[in-house]
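Before any comments, here is the structure.
The values are calculated or read from the model by the stated rules, or taken from the named source; none is laboratory data. The structure presented is a predicted model; accordingly, all values stated were derived computationally and were not measured. When we count neighbours, we look across all protein chains shown, and the Cβ atoms used for this are built from the backbone with ideal geometry, even at glycine. Surface accessibility is based on the protein's heavy atoms, side chains included, excluding ligands, DNA and RNA. Shrake-Rupley method; radii C 1.70, N 1.55, O 1.52, S 1.80 Å.
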Amino acid sequence: MTLRDDIFDCVIDTFGLDYTLYPEKCLKEMIRVCKPGGKILIAESGKSHYPLLNHYLELMLPYHIDKFGYFNNRDWEQIVSRSGLKILSHEEKLNGSI
């Protein structure tokens, strides 16, 4: 089933893109089905601004992909930018804290 273009006022993804091989393709599909002026809200895991944590994420990536199909270290700002979306608001949290 294919949805029509421009059908939703808001498209929400909560951690689904962490499990796809092609996140940019999924984002472009979200853009396609979102009405002009609509919002796309995304909550994902990703790279940290802490180098030690990024090192850990890189070390654990093969395990997370093999065991869970989970990409835990993506650079979401870069992926979102390449998809053609504009980031209006961005929050980073670690263990529920800013």
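Tabulated results
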read-out: Every pair of residues 6+ apart whose Cβ atoms lie under 8 Å, when the first sits in the range 74-85 and is part of a helix (DSSP H, G or I) while the second is among the β-branched types (Val, Ile, Thr); value: Trp76/Ile42; Glu77/Ile87; Val80/Ile42; Val80/Ile87; Ser81/Ile87; Ser83/Ile31
read-out: Out of Ile79, Ile42, sole residue that is open to solvent by 60 Å² or more (accessible area, probe 1.4 Å), among the hydrophobic types (A, V, I, L, M, F, W, C) and within 16 Å of the chain's Cα centre (by Cα); value: Ile42
read-out: Residue check for Leu52: open to solvent by 100 Å² or more (accessible area, probe 1.4 Å), free of Cβ contacts under 8 Å to residues at least 12 places away in the same chain, out of contact with any helix residue (DSSP H, G or I) (no Cβ under 8 Å at 6 or more places or on another chain) and over 16 Å from Ile79 (Cβ atoms); value: yes
read-out: Close pairs from the range 1-15: first within 14 Å of Ile42 (Cβ to Cβ) and assigned to a strand (DSSP E or B), partner open to solvent by 100 Å² or more (accessible area, probe 1.4 Å) and charged (D, E, K, R), Cβ under 7 Å, at least 6 apart; value: Cys10/Lys39
read-out: Residue in the range 51-63 that is within 17 Å of the chain's Cα centre (by Cα), of a type in the set (A, V, I, L, M, F, W, C) and under 21 Å from Lys86 (Cβ atoms) present; value: no
read-out: Residues within the range 55-73 that are on the phi < 0 side of the Ramachandran plot, touching a helix residue (DSSP H, G or I) at 6+ places or on another chain (Cβ under 8 Å) and open to solvent by less than 30 Å² (accessible area, probe 1.4 Å), tallied; value: 2
read-out: Answer from Leu88, Leu41 - the residue that is touching a strand residue (DSSP E or B) at 6+ places or on another chain (Cβ under 9 Å), part of a loop (DSSP other than H, G, I, E, B) and not polar (S, T, N, Q); value: Leu88
read-out: Qualifying residue in the range 47-58 (condition: modelled with pLDDT under 95, of a type in the set (A, V, I, L, M, F, W, C) and within 17 Å of Ser89 (Cβ to Cβ)); value: no
read-out: Selection within the range 16-38 - loosely packed, with under 12 Cβ neighbours inside 10 Å and either without any contact (Cβ under 8 Å) to a residue 12 or more places away in the chain or assigned to a loop (DSSP other than H, G, I, E, B) (or both); value: Leu21, Tyr22, Lys25, Gly37
